[in-house]
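Every read-out reported here was derived from the displayed coordinates using simple, explicitly stated rules and does not represent laboratory data. Source: prediction; values computed, not measured. All Cβ positions, even for glycine, are placed from backbone atoms using ideal geometry, and neighbour counts span all protein chains on display.
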Amino acid sequence: MTQGTPPLSRLPAGKQRQRRTQQRRWLNRLWSWLITLAGGSVILALLGIFVYLLTEVTPLFKPVSAQPIVVEHSPPAFDITPAPIPAAAATAAGFEVAFSLVEPLQGYLLLAASNGEACLWWQRQPEAGCLQRLSLTDRTVNLTTLRWLAGKQSIVSGDSSGQLKQWFFLPDEHGQLRISWIKPFARRNAAIVDIAPEQGRSGFAVLDAAGGVSLFYANLTKPLWQGQAAEYQRATRLQFSQRNEQLWLLGPGEPTALQLDNRHPEISWRTLFQKVWYEGWQQPEYVWQSSGGAELRQGKYSLVPLTIGTLKAAFYAMLVAVPLGILAALYTACFLSEPLRSRLSQLIELLALFPTVIIGFLAAIWLAPALEQHLLALLLFLLLLPLLVLALARLWPRLPKRWQQIPGSGWDLMLLAALLFVTAYLALLGGDTLQQQFFSGSFRFWLNEQGVSYQQRNALVVGLAMGFAVLPIIFSICYDVMSQVPRQLTLGASALGATHWQIVRRVIWPLSLPGVLAAVMLGLGRALGETMIILMATGNAPISNFNLFEGLRSLTATLTIELPEAAVDSSHYRMLFLVAILLFIFTFMANTLADLVRQRLKRNFQRLDT
Amino acid sequence: MTPDYHQRNYWFWLAALASAFVLMLLLALSYLMLSRGLGLFWPADIVQFRVSQNAESPHEASLVLGEVVSQQQLTAPQLAAAGLTFSAPATRILVKQGYQPSGAPAFRWYWQQQLSDVQRPPEVLLVRHRQFGELYGWPQAMSEGQLLLQLANGQQLRLQQADIMLQLAPNSLSWLQKMRWFAGQWWSFLSTEPREANSAGGILPAITGTLLSVLLMAVVVAPIGIMAGIYLHEYARDGRLVRLVRLSVHNLAGVPSVVFGVFGLGFFVYVLGGSIDQLFYPERLPQPTFGTPGLIWVSLTLALLTLPVVIVATEEGLARIPSSLRLGGYALGATKAEVLRKLILPAARPAMLTGIILAVSRAAGEVAPLIFVGVVKYAPVLPLSSSAPYIQLDQQIMSLGFQIYDVGLQSSNADAAEPRVFAIALVLLVLIGVLNLLAMRLRRYYRRRVV
């Protein structure tokens, strides 16, 4: 404290007050800055999650770039003298062999003449001559290069018209390999001079006579990158460096080189959502196979099977949860009187407390085997339910008046639960008897004989278990909305002579319908993002079908299984981040939509209430 | 409103049945969890019986001792598929035989039709041995710290008393003695470390891991979430942008937890942890210290996951404060900060506490995101130490939820693991239930006080 300002207590009263006020004002301002700073940064950080996820994913879709660089040291010499051709093969072919490729596993030999004529010869059947004769070009142009891609599963041919074609060795019906034409790549402008395969993955570089260099990847017909320069025209040969980071153009004179940035060639929007013909596969397909064949480190990342799995699980879960949740909420909110009503709703909301890992465990250990054994009983139960409803609705009004008065006390629910229990027991007995009598003891075996494949952990199990997990959300929102319908409306309708059911049907239900929709949206969001139940109660095989009795693999389960093993910054790792982003967007949109509907509804109710 | 049961209305009855069905499901689930979870430690009777492989030679029947774990009815095609000729339906029982010197599995199925001479001899002992696990047999002699045990196949084992962890003759126990044994078993389940690849022993590390990570999470999330909530409700101007921000923060609660796990692994572990390592522990590189999954990342991920819950609860608590309180404060000349600190926050405190408790109870049941950031199947050393930081923030932990997933589905010894998982699930449920009960009580107390 400096000399000039005396302590507070010695100041005259007026000044003291002024100083105090100033202090308080400063404190107020400080406090507001502090809160604004802290709160604002927390919210920014939360929104930053999405931004961070995006930054991890964008490198996947970055266009390939190539920069000419100065060659510092010459590339390692590469032995390109072809293996000697057996005399038997040469005579079988009957033409002057210009190109030859050896299939490494079984020893097939592909021989080609410079006019594109080709012959497939097998060392195990030398006397058979050519097993297959074909033309690798359309006979009017000359074949100029023929190369294996890395992994030796597919062949790329180039001709003097600039055509590039991909060929596979595929087994025919006798198990013998045949050369099959797969697809053309985008045509080059001039004759192909050389093709160089990448090391360890299925990309390749193409050099044409006009000095054009282009980079391709086996999955895609379009080039990833192309460039043209006069000095490239001198080159006769291309070669990749060890980690595919540099491409050398070799030939007479000084070699030139390109520095490439091409980390994730196998991923593009097309491979994620369309069928892709992978090397060694019989036809194009949607495949998710992250740790595929070890000899070829080519991940197969199609999001289609995972998306279908997620949708399938969510669909069956909603099929269980939506009717149960809405109907239970309707009954609780509209037909029960006060103490019982809030007690029951609280009880049902208790269901939300069960951690999903417990539900998943029960589904896998207890529900799945039980369903496998008593599937018929479940079907029977579903058949008996409408009968039960019919019987109750018809018979109850005929009961003596005294018995009809039981309701409202809570006993009615107990009674109904007991009735349901009896029905379930009957269904179990009946199902097992039917199974004994007509399906020789096991409905499941019978299904298998009919050609319906049945896996123990299937979509039905997931649907039931996850429906159970989603149910409390749908219930509680529907219940809230239905019990918040303004009272004047129901009372007014009652005063106009509407029966109780008419009020429910004509007043409460239409008013709360948007809320019910919001509840369904929220439930859907939850079902799409559910992880542990799907992980535990399905086989996690990436199957793309909607069969109720087969397993599935969801986006969430894939993340849980594969992320701990993915190498940081690899294509696989970034793909999983993309999966996370998709989940984020799906669920976020579902929730936001639901929220908007609910807010609007709340305003409406407030307007109606005043 | 009272129900009109006299109506002949199908929809009404369908709705009534639906609520009854949900009620029934809840009861069934609770019953299943309680009976299976509590049943694990109840001393079952040890049964002795003879098994004849074929009916013609009953004298060759071998003797079996063990606990009946479950039974199953098989139908005709199942029997035919197994190549058996019993008349359907045939019943088989799963018997826990304990350690077999021959190397036979501890659990085995027997056909009811093959059993004969079923007894429950009172003198049969259940012995839990440090190496062999559980043994069933007749005590032959007890001398100077040794126990001679005769097994069902007639073999005699000499066991050191020091290796014997427990011994019990369940068939001769009274109900009260069984009760005491039951309580003791539960206590040891809760307070010891797991053995034999998580298929025996206790779950202390898992409980500690769950509690510690959740507590740390609460310490992180409470101030941050409350401040963000206060900002959103009190200080942010109510424009279009703020409404949008509020909407998206609320909806973050619905984003799948596994997405937060992905973020936790990518950002916390690799980016943040990697930078910490480079700044503070460069001498240990390339061995990572914080750049690998661990307790602190588990807690931070959980905090991120539950942040929206706390923010929403805080905002709701603030919104519930009657405006008269606020206006009264201003009327007396208080500044905004003073009104907030002296009037509003104390009144809203229970709501915030409720939010934090709900966040904790949600976090306690999470599994999927934690697999990425530091929860592992086996980490018996507690992340606690007696010196300076007291908590090993970089250590990997076990958690109850992950134990359920791992022991339940990935265990090699499924028969032994299954009942344990029910017990673990029960512990987790009780934990979550208690937390929620607390939250509910608080909310009720608070509502009464404010109104």
Rg (one decimal) and Dmax (whole number) from the Cα set of chain A, in Å, equal 35.8, 121
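Under a Cβ-Cβ cut-off of 15 Å, what is the net charge of the residues other than B:SER30 that fall near it, where Lys and Arg count +1 and Asp and Glu count -1?
0
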Search the structure for amide H atoms under 5 Å from the amide H of A:LEU164, placed 1.01 Å from N in the peptide plane, and list their residues when 5 or more places away or on another chain.
A:PHE185, A:ARG188
So which lysines can B:LYS377 reach, going by Cα to Cα under 29 Å and dropping same-chain residues fewer than 8 places off?
B:LYS96
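What is the sum of charges around B:GLN131, taking Lys and Arg as +1, Asp and Glu as -1, for the other residues whose C-beta is under 15 Å from the C-beta of B:GLN131?
Values: positive: B:ARG128, B:ARG130, B:ARG158, B:ARG195; negative: B:GLU134, B:ASP163, B:GLU196.
Surrounding charge for B:GLN131 is +1.
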If eta is 0.890 mPa s and T is 25 °C, what Stokes-Einstein diffusion coefficient results for the stretch A:303-609, Kirkwood Rh from Cα pairs, in µm²/s?
113
Going highest first, how would you order B:189-197, A:466-474, B:277-285 by mean Cβ packing within 10 Å?
A:466-474, B:189-197, B:277-285
In whole Hz, what ³J(HN,Hα) sequence does the stretch A:492-498 give by Karplus (6.51, -1.76, 1.60; θ = phi - 60°), x for Gly and Pro?
x, 4, 5, 5, 7, x, 6
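Would you mind estimating how fast the stretch A:343-395 diffuses translationally, via Stokes-Einstein at 37 °C and 0.692 mPa s with the Kirkwood radius over Cα pairs, in µm²/s? Write down the numbers at each step before the final one.
Values: Rh = 13.8 Å.
Taking Rh from Cα pairs, D becomes 237 µm²/s.
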Given the peptides B:14-22, A:582-590, B:96-104, arrange them by the average over their residues of other C-beta atoms within 10 Å, most packed first.
B:14-22, A:582-590, B:96-104
Where the only charges are on Cβ atoms (+1 Lys, Arg; -1 Asp, Glu), what is the dipole of chain A about its Cα centre, to the nearest 20 debye?
3940
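Based on the Cβ-Cβ distance of B:ILE276 and A:ARG398, what FRET efficiency does E = 1/(1 + (r/R0)^6) give at R0 = 60 Å, to the nearest 0.05?
0.20
At 0.36 nm per residue, and after removing the present C-alpha to C-alpha distance, how many nm does the segment from A:GLN437 to A:THR91 gain when stretched out fully? Please list the in-between numbers first.
On the way: separation 346, 0.36 × 346 = 124.56 nm, distance 6.94 nm.
Full extension from A:GLN437 to A:THR91 adds 117.6 nm.
Work out, in µm²/s and without decimals, the Stokes-Einstein translational diffusion coefficient of the stretch A:19-151 at 4 °C, 1.567 mPa s, Rh from Kirkwood over C-alpha pairs. Walk me through the numbers before you get to the answer.
On the way: Rh = 22.0 Å.
Result for D is 59 µm²/s.
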Can you quote the Å³ per residue value for the convex hull of the Cα atoms in chain B, rounded to an integer?
284
Candidate lysines - alpha carbon under 27 Å from A:LYS312, same-chain residues fewer than 8 apart omitted:
A:LYS275, A:LYS300
Expected unfolding gain across A:LEU379-A:THR55 under the 0.36 nm per residue rule, minus the alpha-carbon gap, is 111.7 nm
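Averaged across A:591-604, how many Cβ atoms of other chains sit within 10 Å of each residue's Cβ atom? Don't skip to the end; give the middle numbers.
Details: counts 8, 6, 1, 2, 6, 2, 0, 0, 2, 0, 0, 0, 0, 0.
Mean partner-chain Cβ count within 10 Å for A:591-604: 2.
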Tell me which of A:MET414, A:TRP366, A:LEU395 sits at the most positive position along the dipole axis of the stretch A:303-609, charges placed on C-beta atoms (Lys, Arg +1; Asp, Glu -1).
A:LEU395
Quick one: if you stick a label point 7 Å off each Cα along the C-beta vector at A:THR499 and A:ARG19, how many nm between them?
8.2
Chain A, relative contact order [Cα under 8 Å, separation at least 6], %
12
At a Förster distance of 45 Å, what's the computed FRET efficiency of A:GLN106 paired with B:LEU84, Cβ-Cβ distance as r, to 0.05?
0.50
State the answer as a single residue: which of B:VAL407, B:ILE311, A:TYR217 lies farthest towards the positive end of the charge dipole of the protein assembly as shown, with beta carbon charges of +1 for Lys and Arg and -1 for Asp and Glu, about the Cα centre.
B:ILE311
Let's see if you can work this out: charge +1 on each Lys and Arg Cβ, -1 on each Asp and Glu Cβ, no other charges. What is the dipole magnitude of the stretch A:147-230 about its Cα centre, in debye to the nearest 20?
140
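Between B:ASP238 and B:LYS178, what is the FRET efficiency for a Förster distance of 45 Å, r being their Cβ-Cβ separation, to the nearest 0.05? Write out the running numbers ahead of the final one.
Values: r = 65 Å, r/R0 = 1.44.
About 0.10, to the nearest 0.05.
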For the stretch B:204-450, just say rounded, prolate or oblate: build the C-alpha gyration tensor, square-root its eigenvalues into a ≥ b ≥ c, call rounded for a/c under 1.5, and beyond that prolate if a/b exceeds b/c, oblate if not.
prolate
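What is the average number of partner chain Cβ atoms found within 10 Å of a Cβ in A:343-356? Spell out each step's value before the answer.
On the way: counts 0, 3, 1, 1, 4, 5, 1, 5, 5, 2, 8, 10, 14, 6.
Partner Cβ neighbours, averaged per residue: 5.
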Please work out, to two decimal places, the log10 of the ratio I(q)/I(0) at q = 0.07, 0.08 Å⁻¹ from a Debye calculation in which every Cα of the protein assembly as shown carries one identical scatterer.
-0.87, -1.06
Going residue by residue through the stretch B:312-320, the Karplus relation 6.51 cos²θ - 1.76 cosθ + 1.60 with θ = phi - 60° gives ³J(HN,Hα) values, rounded to whole Hz and with x marking Gly or Pro, of 4, 5, 4, 4, 5, x, 5, 5, 7
In nm, the gap between the two label points placed 7 Å beyond Cα toward Cβ at B:ALA141 and B:LEU211 is 4.7
Protection proxy (average C-beta count within 10 Å per residue), highest first, orders B:213-222, A:598-607 as B:213-222, A:598-607
So for chain A, taking the charge dipole from beta-carbon charges (+1 Lys/Arg, -1 Asp/Glu), which of A:ALA230, A:LEU249, A:VAL579 sits furthest toward the positive end?
A:VAL579
Expressed in nanometres to one decimal, the distance between label points 7 Å along Cα→Cβ at B:GLU123 and A:TRP269 is 8.3
For the stretch A:516-610, take the convex hull of the Cα atoms, compute a quarter of its surface area, and give me that in nm², please.
8.1
Check cross-link reach from B:LYS336 to the lysines: straight Cα distance under 27 Å, and skip same-chain residues fewer than eight apart.
A:LYS15
